[in-house]
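Report on the structure given below.
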Amino acid sequence: VQLQASGGGLVQTGGSLRLPCAGSGRSFSGNVMAWFRQAPGKEREFVAGIGREGFTSYGDSVKGRYTISRDNAKNTMFLQMNNLKVDDTAVYYCAARGSSFTTISRSRHGYAYWGQGTLVTVSS
């Protein structure tokens, strides 16, 4: 699976952004997918994950503000980010586990395929 994240940019505190992740390859719908983020000087952090059938899981810092979704017909995953905070500033990466996995992993090491990342900057 090849992945490409986009949609990043500069937004003010309290604003919203929607990040798409376009996938290529026939196995997109068979993959557990996730978003991670990495701020300067910090470890890559789990943001949200979505299973093959739409089950979702969120990191504690984004729960209630972010929504992950997928459109398998269009080979695309989305991250809707609302009520953005300065601490949300990071490079956001989309990832796929590989078609042999059925559960969401919160570890970056659980994902075999990665997009190139898109920068989200939240200003105060």
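Yes or no: F46 open to solvent by less than 50 Å² (accessible area, probe 1.4 Å), closer than 20 Å to T102 by Cα and touching a Ser or Thr at 6+ places or on another chain (Cβ under 9 Å)?
Yes.
List the pairs whose first member sits in the stretch 7-34 and is within 23 Å of V86 (Cα to Cα), whose second member is among the charged types (D, E, K, R) and open to solvent by 40 Å² or more (accessible area, probe 1.4 Å), and whose Cβ atoms are under 8 Å apart, counting only residues at least 6 apart or on separate chains?
G7/R18; T13/K85
Only one of F36, F78 is modelled with pLDDT of 95 or more and either at positive phi or out of contact with any Ser or Thr (no Cβ under 8 Å at 6 or more places or on another chain) (or both). Can you tell me which?
Within the list F36, F78, the selection yields F36.
Find all pairs meeting these conditions: Cβ atoms under 7 angstrom apart; at least six residues apart or on different chains; first residue within the stretch 81-104 and more than 20 Å from Q4 (Cα to Cα); second residue surrounded by fewer than 18 Cβ atoms within 10 Å (Cβ to Cβ) and of a type in the set (A, V, I, L, M, F, W, C).
Note: pairs meeting the criteria are L84/V11.
Return yes or no: is G9 at pLDDT 95 or above, over 14 Å from I104 (Cβ atoms), over 16 Å from the mean Cα position of the chain (by Cα) and open to solvent by less than 30 Å² (accessible area, probe 1.4 Å)?
no
Which of (1) of a type outside the set (V, I, T); (2) open to solvent by 60 Å² or more (accessible area, probe 1.4 Å); (3) closer than 14 Å to L17 by Cα; (4) not in a strand (DSSP E or B) is the odd one out, the single condition L84 does not satisfy?
Answer for L84: the failing condition is (2).
The values are calculated or read from the model by the stated rules, or taken from the named source; none is laboratory data. Fair warning: this is a prediction, and the values are worked out from it, not measured in the lab. We place every Cβ from the backbone using ideal geometry, glycine too, and count neighbours over all the protein chains shown. All accessible areas refer to the heavy atoms of the entire protein, side chains included, with ligands and DNA or RNA removed. Shrake-Rupley method; radii C 1.70, N 1.55, O 1.52, S 1.80 Å.
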